[in-house]
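The values are calculated or read from the model by the stated rules, or taken from the named source; none is laboratory data. The shown structure was predicted, so the numbers you read here are calculated from the model rather than taken from an experiment. Here the Cβ positions follow ideal geometry from the backbone for every residue, glycine too, while neighbour counts run over all protein chains shown.
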Amino acid sequence: MEKVTWRGTAGVGDFMWALNVCHLYAYQNNVQVNLEFHWSHEPDYLYHFEDPETILERLDYINKFYHRRGDVDISHRWNGESDRYEPVTDKNRNVEYKTRYWFESGKYLDSGPPPPNEWLFRQDAFKTRDQRKVVIWRPLFNAEIPRLWKRRLTNEHWEGIIKKLRREGMKVVELTYRTPVSEALYHLSDARLVISYDGMWHYIAKNFATPMIVISRGGITKYHTPNAIRASDNPEEKYSIFYWMDRFDVLLGHSKKKAIEYYDRVKYIYEDRQSSN
């Protein structure tokens, strides 16, 4: 048994990061992982009054789709009852390097390189791709203003992207933080392409190996979504989002190639060995 604790936040991507890390660790080391999330609020807390479900409900729903789900036993500590993670406040909310995780064995240190996190959903959760569906999300509808590097594109730029997609005959599905988790997972399971900033539902797309282009300059994007093209927001740079949108057929082909490469690299986890699903 490996005991792991993880700071709980309002973001789906953060708890899926923890799940991916712990599933891969359990598989590679042939151990059971007890993953304990530490939350600063009660189980029924809603981050925004329009949220359709709590973060716990989202976690429980998404966890059902994980391959070898039984390898990771999930528990929780509520109401900030933690001696390891300081509560999130207005003062430290935008501090990037807060303590995030702890491994009892000391295998991965929060101060060191981040642990590997490549994983996939169950094989029977994958669906045939809708060749006309493109899923997007942008920071327009967020409850709080995201960090600058997530919102370098203006809303006018996003509207231009949507118009180009529709001119190409694509059906555009836009997700927000208020989208029910079941709806987000459904659309990301069969989308032909995802266009987004770095965050929100990106780990669902990753675990489905969905073709994806993320508008980001940050190197961390390669860590969280290696299935995705990383595109700059700067139109002066060659491989910006504007470059790819002007070459949409090339974008479809290259994003698919990267997604297949990711799936092929990680599909060894489906090898026939004792599973605890």
Checklist entry - What number of residues within the range 211-233 are in contact (Cβ under 8 Å) with a residue 60 or more places away in the chain and of a type outside the set (Asp, Glu)? => result 7
Item to check | In the range 161-182, the residues that are touching a residue at least 40 places away in the same chain (Cβ under 8 Å) and surrounded by fewer than 16 Cβ atoms within 10 Å (Cβ to Cβ) | outcome: Lys164, Glu168, Lys171, Arg178, Pro180, Ser182
Checklist outcome for this item: Here the residues within the range 115-143 that are assigned to a loop (DSSP other than H, G, I, E, B) and at pLDDT below 95 are Arg138, Asn142, Ala143
Item to check | Index of the failed condition, Gln28 passing every other in (1) in contact with a Pro (Cβ under 9 Å, 6 or more places away or on another chain); (2) buried (at least 19 other Cβ atoms within 10 Å of the Cβ) | outcome: (2)
Next on the checklist: With the condition being more than 24 Å from Glu57 (Cα to Cα) and out of contact with any Ser or Thr (no Cβ under 7 Å at 6 or more places or on another chain), I'd like the helices (runs of 4 or more DSSP H) fully within the range 168-246 carrying at least 3 qualifying residues.
Outcome noted: 220-224, 241-245
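In the range 226-242, what residues are hydroxyl-bearing (Ser, Thr, Tyr) and at pLDDT 95 or above? I'd like the intermediate steps shown before the answer.
Of the residues in the range 226-242, the ones hydroxyl-bearing (Ser, Thr, Tyr) are 232, 239-240.
Ser240 - this is the single residue of the range 226-242 that is hydroxyl-bearing (Ser, Thr, Tyr) and at pLDDT 95 or above.
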Item to check | Residue that is nearest to Pro211 (Cα to Cα) [pool: residues in the range 227-251 that are surrounded by 13 or more Cβ atoms within 10 Å (Cβ to Cβ) and of a type in the set (Val, Ile, Thr)] | outcome: Ile229
